[in-house]
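Okay, so here's the structure we're looking at.
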Amino acid sequence: VARDLMFQREIKDTVQRAYAAIATGAGATVARRHYSDQELAEVPDGAIGWALGVGNPVRYARLQPGQVVLDVGSGGGIDTILAARRVGPGGRAVGLDMSARKSRALAEIFRVLRPEGRICMADLTVEGELPPEVANDQSAWAG
Amino acid sequence: MAERVFAGKLQRAGFADIWVGGHRPFGIDQAALYPLFTSEVIQVMRETIPADRQDHVATGVIVKARKPG
């Protein structure tokens, strides 16, 4: 157990160092992959420059005016801002950046959701194994 | 993490009506757009991942689920 916890700590430290080393604006190319020109026109350059997500969950979330949104893993806030625009002044969008194991994060999201609340997230799935040279490379953990 | 494993984690957390869609291939060229991947690990990917898999190393997905009332 202690070894597993040390490994988790090592992953967390590696991920934090990787994010700290990113140059401002480096996410703009990623943003253009996932968001339309119209969506990008709705958010400030600062949020576009830190867009490091792997999808556009707001496009799928079918948000309605007045709803409350918690953007977990908000990063630079591009999805938080888009969600805020969809729910309007009568709703609320809150961005929360976090780094935790997926199962723990899901449990916490479940805890804070209201009954009948919905989760909508973008992520990457991998079928099969990656070569050990890739899977064991620390710089791949953050990505 | 495989898609079915991901869905299983959601189910164990208590979520219902789990939906996975918006599938989009994620290859090495897409990974290279992300500053989180160093040029060294991108090079390792190009050298170790079979050529026929390099344009679909992972899959971008949208996952939706509901907390039962």
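The values are calculated or read from the model by the stated rules, or taken from the named source; none is laboratory data. All of these numbers come straight from a predicted model, not from anything done at the bench. Here Cβ is always computed from backbone atoms with ideal geometry, including for glycine, and neighbour counts include all displayed protein chains. The area values use the complete protein model at the heavy-atom level, side chains included, leaving out ligands, DNA and RNA. Shrake-Rupley method; radii C 1.70, N 1.55, O 1.52, S 1.80 Å.
How many of the residues making up the stretch B:21-46 are at the interface with chain A (Cβ under 8 Å from one of its Cβ atoms) and either surrounded by 12 or more Cβ atoms within 10 Å (Cβ to Cβ) or in a helix (DSSP H, G or I) (or both)?
15
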Yes or no: the stretch A:98-106 includes at least one residue that is within 14 Å of chain B (Cβ to nearest Cβ), touching a helix residue (DSSP H, G or I) at 6+ places or on another chain (Cβ under 7 Å) and open to solvent by less than 30 Å² (accessible area, probe 1.4 Å).
yes
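From the list A:R33, A:R9, A:R59, A:R17, which residue is assigned to a helix (DSSP H, G or I) and modelled with pLDDT of 95 or more? It would help to see each step written out before you state the result.
Working: A:R33 fails: modelled with pLDDT of 95 or more; A:R9 fails: modelled with pLDDT of 95 or more; A:R17 fails: modelled with pLDDT of 95 or more.
Within the list A:R33, A:R9, A:R59, A:R17, the selection yields A:R59.
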Regarding A:T29, is this residue within 14 Å of another protein chain (Cβ to nearest Cβ), hydroxyl-bearing (S, T, Y) and closer than 26 Å to B:L33 by Cβ?
yes
Selection status of A:I119, open to solvent by less than 20 Å² (accessible area, probe 1.4 Å) and either part of a helix (DSSP H, G or I) or free of Cβ contacts under 8 Å to residues at least 60 places away in the same chain (or both)
yes
Among the numbered conditions (1) more than 7 Å from chain B (Cβ to nearest Cβ); (2) of a type in the set (V, I, T); (3) part of a helix (DSSP H, G or I), tell me where A:V94 comes up short.
(3)
So which residues in the stretch B:47-66 are open to solvent by 30 Å² or more (accessible area, probe 1.4 Å) and over 12 Å from A:V134 (Cα atoms), if there are any at all?
B:P50, B:A51, B:D52, B:R53, B:Q54, B:D55, B:H56, B:K64, B:R66
